[in-house]
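Take a look at the structure below.
The values are calculated or read from the model by the stated rules, or taken from the named source; none is laboratory data. Predicted model only: the values in this text are computed from it and were never measured. In this analysis, Cβ positions are derived from the backbone assuming ideal geometry, glycine residues included, and neighbour counts consider all displayed protein chains. Accessible surface areas use protein heavy atoms only, side chains included; no ligands, DNA or RNA. Shrake-Rupley method; radii C 1.70, N 1.55, O 1.52, S 1.80 Å.
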Amino acid sequence: MQIIKTVSSMQDYTLKMKSSGNDIGFVPTMGYLHEGHESLLQKAREENDILIASIFVNPLQFGPNEDFEKYPRNEQHDIEIAEKNGIDVLFMPPVEEMYPRELGITIQAVDRIDVLCGKSRPGHFDGVVTVLTKLFHLTLPDNVYFGIKDAQQVAVVDRLIKDHNFPIQLHMLETIREEDGLAKSSRNVYLTEQERNEAPSLSKSLQLAQEKIFDGEKNPAIIVNEVKNYINTHTTGKIDYIEILRFPSLKPITEVDQQVIIAVAVQFSQARLIDNIILMPDGTSSPVLG
Ligand code: AMP
């Protein structure tokens with residue numbers, strides 16, 4: 001496995017690989033790798049000649065009062081996980097390499113961002129699409145792999161790729177969970193012991209919603225209320241949002257009649273956790289981007 005830290009070496013590598021006819025798979029991450037990331041790496045490994053992963057905690061996607069400085073980092077551990085998953089190149093650029101000067105051209109996400117995390121974290125998705133545009137140009141992937149855990153990100157990247165004609169196939173992969181249902185996340189290390197015990201309630205509340213829908217409930221307000229009551233009774237966290245929307249358009253609904261996402265965000269003392277499920281009105285879950 002090669003570790004590349006500069007933009008110029010990354011670009012040299014990908015141009016060489018493309019000109020010799022290789023398919024490139026790319027998995028962008030912010031590091032502190034866990035089994036959720038590994039599932040993306042494994043799928044990408046199977047489907048491509050060359051596998052590139054990036055580890056870059058992107059300052060542009062963090063708000064002024066968010067956890068950029070405190071975001072968990074462990075380079076050595078990440079290198080070992082990357083190695084184990086058969087990555088060809090691990091791209092780990094320092095911030096100055098990605099942003100050597102203030103950007104003179106910025107990229108702004110305008111659709112699919114006025115709800116969920118886009119609403120709670122103004123500017124977050126501008127940072128996401130900006131860094132991904134740069135990373136896509138540097139790695140020239142045929143296939144990119146993202147987790148449904150960050151479903152709004154998938155919906156926004158879907159627009160980025162389609163609106164800006166990136167010749168890239170977007171793959172979304174299911175959320176990998178702990179045995180008790182908690183979605184794996186780099187931020188879980190910041191839960192206190194009590195909060196860690198409470199945190200599976202997020203996925204339990206979503207299962208409850210799925211059961212309601214499966215039983216024929218079509219009223220989004222009733223489902224949101226169930227989820228809210230469950231989380232409030234079973235955690236000390238503060239609910240940031242609970243929303244049911246159409247997926248992937250993220251438009252509001254008055255009735256669960258097509259593919260929907262039920263998404264929650266809960267702020268604990270040191271960690272903000274998100275989780276979601278995407279399902280059809282009959283309760284089945286096999287998300288499609290359309
Ligand atoms: P991050 O390092 O948090 O930016 O995540 C990098 C990629 O891994 C994103 O596409 C995430 O959606 C994905 N990811 C994070 N957690 C999980 C998980 N528990 N299951 C599946 N994918 C995940």
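Using θ = phi - 60° and the Karplus curve 6.51 cos²θ - 1.76 cosθ + 1.60, what whole-Hz ³J(HN,Hα) does each residue of region 62-73 get, with Gly and Pro shown as x?
Those phi angles translate into 9, x, x, 9, 9, 9, 4, 5, 8, 4, x, 9 Hz.
Whole number in Å², please: accessible area per residue of the chain, 1.4 Å probe, ligands, DNA and RNA not counted.
On a per-residue basis, 47 Å².
Would you please put 111-121, 128-138 in order of how densely packed they are, using the mean number of other Cβ atoms within 10 angstrom per residue and starting with the highest? Walk me through the numbers on the way to the answer.
Values: 111-121: 18.7, 128-138: 20.6.
Top of the packing list down: 128-138, 111-121.
Evaluate the charge dipole of the chain about its Cα centre and quote only its size in Debye, nearest 20, assuming +1 on the Cβ of each Lys and Arg and -1 on the Cβ of each Asp and Glu.
Working: 28 positive and 42 negative charges, 108 e Å.
Here the size comes out at about 520 debye.
Return the carbon/sulfur percentage of the accessible area of the chain, one whole number, probe 1.4 Å, all protein chains in place. Walk me through the intermediate numbers first.
Details: 6630 of 13670 Å².
Its accessible area is 49 percent carbon and sulfur atoms.
Where both residues lie in the chain, what percent of DSSP beta bridges are antiparallel, nearest 5? Mind showing how you got there, number by number?
On the way: 18 of 37 bridges.
Looking only at bridges with both residues in the chain, the antiparallel portion is about 50 percent.
Which shape class, rounded, prolate or oblate, goes with region 2-173 when its Cα gyration tensor gives a ≥ b ≥ c as root eigenvalues, a/c under 1.5 marks rounded, and past that a/b bigger than b/c marks prolate?
Rounded shape, in that the Cα axes give a/c under 1.5.
Taking amide H atoms as placed 1.01 Å from N in the peptide plane, list the residues 5 or more away in sequence, or in a different chain, whose amide H sits under 5 Å from that of residue 27.
Those lying under 5 Å, H to H, from residue 27 are 52, 53, 54.
Spelling out what I want: for every residue of region 124-132, take phi, set θ = phi - 60°, compute 6.51 cos²θ - 1.76 cosθ + 1.60 (Karplus), and round to whole Hz; glycine and proline get x.
4, 6, 5, x, 5, 5, 5, 5, 5
Strictly over 30 Å apart at the Cα level, which of 5/149; 134/218; 84/204; 218/238 would you flag in this model?
Numbers: 5/149 28 Å; 134/218 42 Å; 84/204 32 Å; 218/238 26 Å.
Those over the limit are 134/218; 84/204.
Of all trypsin sites (Lys or Arg not before Pro) in region 26-80, which ones are in loop regions per DSSP and have a Cβ with at most 12 other Cβ atoms within 10 Å?
Values: sites: 43, 45, 70, 73; in loops: 70, 73.
Passing sites in region 26-80 are 70.
Going by the alpha-carbon gyration tensor, a ≥ b ≥ c the square roots of its eigenvalues, is the chain rounded (a/c under 1.5) or, if a/c is not under 1.5, prolate (a/b greater than b/c) versus oblate?
Here the chain falls in the prolate category.
Restricting to DSSP H runs of at least four residues, report the calculated mean residue ellipticity at 222 nm for the chain, -39500 (n - 2.57) per run over all residues, nearest 500 deg cm²/dmol. Don't skip to the answer; put the middle values down first.
Details: 10 runs with 110 residues, N = 290.
Helices in the chain give a 222 nm mean residue ellipticity of -11500 deg cm²/dmol.
What whole number of Å gives the distance from the Cα centroid of region 180-240 to the Cα centroid of region 142-162?
Using only Cα atoms, the two centres lie 23 Å from each other.
What list of ³J(HN,Hα) couplings, whole Hz, do you get for region 149-155 from phi and the Karplus terms 6.51, -1.76, 1.60, once you set θ to phi - 60° and write x for glycine and proline?
Calculated HN-Hα couplings, in order: 3, 9, 5, 5, 4, 4, 5 Hz.
Quick one: Cα centre-to-centre distance for region 69-102 and region 19-61, in angstrom?
With region 69-102 and region 19-61 each reduced to a Cα centre, they are spaced 11 Å.
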